[in-house]
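Below is one structure, written out as structure tokens; comments come after it.
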Amino acid sequence: MNINLYNFIYNGIINNKNISNENISNVLKALFISDINIGDVFRGKILKISDNLLNIEVNGKFVFQAKNISNKNNDYKIGKTLEFTVVGKNEDKNEILIKINYNLDNKSIDDDTRKFFTDKITDKVVIEKLLKNEIPVTKENIELIKFTQKYYGKLAEILKQYGISIDESDLKIEIKELLKKVVNNLNFSEKDIADVNKENHDEHSLLKKFKGYNKLHFLNSNDLLKLMNNISQDKLVFMLKNSLKFNLMNIKLIDDIIVGKKDISNKLLEFIEILKENGIKSEEYSNLVKLIKSVKPNIFYDKSKINEIMNKIYFEIGKLEYDLNKKENNTLKTIIAREIEDIKTSFKFLNKLNENLTFIQIPINVNENIHSLEIYISKEAKKNKKINKKSTKIFISLDTKNLNIVQSLIEINNKEINLNFKLNNNKIESFFKKYENELINSLYNLDFKKVNIKYTIVKEKDSLIDIISSDKMVSKYNKLDLKV
């Protein structure tokens, strides 16, 4: 049972002014009785007591009647909010049997006090994340993170329970507005109600009608659910810091680009493979392949060259798109257009991120093999536009052919440099140690006086969000003793 969903069902029905309040009550009651299970625990406010029958309001949205079989009767009064456990159902009478949970939580702490302490615990976690990311700690920002996470969660619940998905054009809608749109589409017609009434409120037929009542379009429902089930406060704080809208598109891009499920390099290589498989080898195709192969390690001596290469790649993709639109058949054109749009959107996403931070994600040619390279350079404070070369932190991630993903956190403090390599296994660590002296000597040649090297074995890649949120990337001035 999911109590919160009934709020959305209620809102969807109540918006239809042609449906009577009595019918609304019948629909909600039938749906609730059908859905609730023995063992479910919920909180509700007692509105009416008649012997051992209680009228209970849940979430301030709907009321149902339940029979209390608890031995103690003195602990519940009208207006009191308590925790209940469902112990039985009488479907013939549409009756629910409940017991009051007699525990310290119910008897000793009133709702306002409980809410205060619960919120404070949650707030402390959010505050720490805001501080780490140099975001103003305000009531508005705290609530924005907390409620936005709930919006994504509630939307996921609705999509999962009722088999509903959304149209592709809705991916860019703010999550709060998208949730409203979905709720408004959960709407019974008068005919639906009448049909149920004719069947004597058969809850099974009601649920069948309700779950099939879907005005929305299908779009990779499982993929969307996976996205929304992995929405952490760290992701939301990252979005807030970088002025990204809270919508499904940006969550998808964060999973693709930042978490690394399908980064820019992978998207470009997949796109080239699609063109190759379909026999498309135009001049624009050849230029795109040459550009990607031209990105070699020496390019990183000059950041302007990186920007120049990425701009050229973007330009060639645009030319390729124009050329294919004139020549190819509709089916192939649709497939390629989707891939191109995804790549362009990813480029724009990276550009947006680089308004606030320095993050490079680029394919790189090492020994004629294309790999994915990420570089993140930390600044001492968001207001500083320039990077302090004498005191900075750099995170590098390289997807290699034989060494899996090699990650390195580099900390520079004047003439001292610390390198923490994150490697996949001990065998790779031994390989690195074999060439450690050569690396140290090279760094001495770059005028470093002290070099410290550390190795850590990890199984999973760190994302940009993990790195930014880690204590090692946080300025000492951002820390706050929350006990104060």
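The values are calculated or read from the model by the stated rules, or taken from the named source; none is laboratory data. The shown structure was predicted, so the numbers you read here are calculated from the model rather than taken from an experiment. In this analysis, Cβ positions are derived from the backbone assuming ideal geometry, glycine residues included, and neighbour counts consider all displayed protein chains.
Numbers for the structure displayed
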read-out	value
Residue within the range 358-368 that is touching a strand residue (DSSP E or B) at 6+ places or on another chain (Cβ under 7 Å) and more than 30 Å from Tyr285 (Cβ to Cβ) present	yes
Selection from the range 331-354 of residues that are closer than 25 Å to Lys172 by Cβ and at pLDDT below 85	Lys333, Thr334, Ile335, Ile336, Ala337, Arg338
Residue identified as in contact with a strand residue (DSSP E or B) (Cβ under 8 Å, 6 or more places away or on another chain) and closer than 29 Å to Asp466 by Cα among Met249, Met310	Met310
The range 276-294 - residue that is modelled with pLDDT of 85 or more and among the aliphatic types (A, V, I, L, M) and, of those, nearest to the chain's Cα centre (by Cα)	Ile292
Scan of the range 337-363 for residues that are part of a helix (DSSP H, G or I) and hydrophobic (A, V, I, L, M, F, W, C), ordered by number	Ala337, Ile340, Ile343, Phe347, Phe349, Leu350, Leu353
Residues (basic (Lys, Arg) and surrounded by 20 or more Cβ atoms within 10 Å (Cβ to Cβ)) located in the range 222-240	Lys235
Residue check, Tyr322 over 33 Å from the mean Cα position of the chain (by Cα), outside the structural domain of Glu140 (by TED's automatic domain parsing) and either more than 24 Å from Leu353 (Cβ to Cβ) or of a type in the set (Ser, Thr, Tyr) (or both)	yes
Complete set of residues in the range 295-306 that are loosely packed, with under 13 Cβ neighbours inside 10 Å and closer than 28 Å to Arg338 by Cβ	none
Index of the failed condition, Ser442 passing every other in (1) at pLDDT below 90; (2) surrounded by 11 or more Cβ atoms within 10 Å (Cβ to Cβ)	(1)
Scan of the range 318-359 for residues that are out of contact with any helix residue (DSSP H, G or I) (no Cβ under 6 Å at 6 or more places or on another chain), in contact (Cβ under 8 Å) with a residue 40 or more places away in the chain and among the β-branched types (Val, Ile, Thr), ordered by number	Ile335, Thr345
Qualifying residue in the range 208-224 (condition: under 22 Å from Arg338 (Cα atoms) and at pLDDT 65 or above)	yes
Test result for Ile46, in a loop (DSSP other than H, G, I, E, B) and at pLDDT 70 or above	no
Close pairs from the range 246-265: first within 12 Å of Asp342 (Cα to Cα), partner assigned to a helix (DSSP H, G or I) and aromatic (Phe, Trp, Tyr), Cβ under 7 Å, at least 6 apart	Leu253/Phe349; Ile257/Phe349
Conditions (1) in contact with a Phe, Trp or Tyr (Cβ under 7 Å, 6 or more places away or on another chain); (2) at pLDDT below 90: number failed by Asn404	(1)
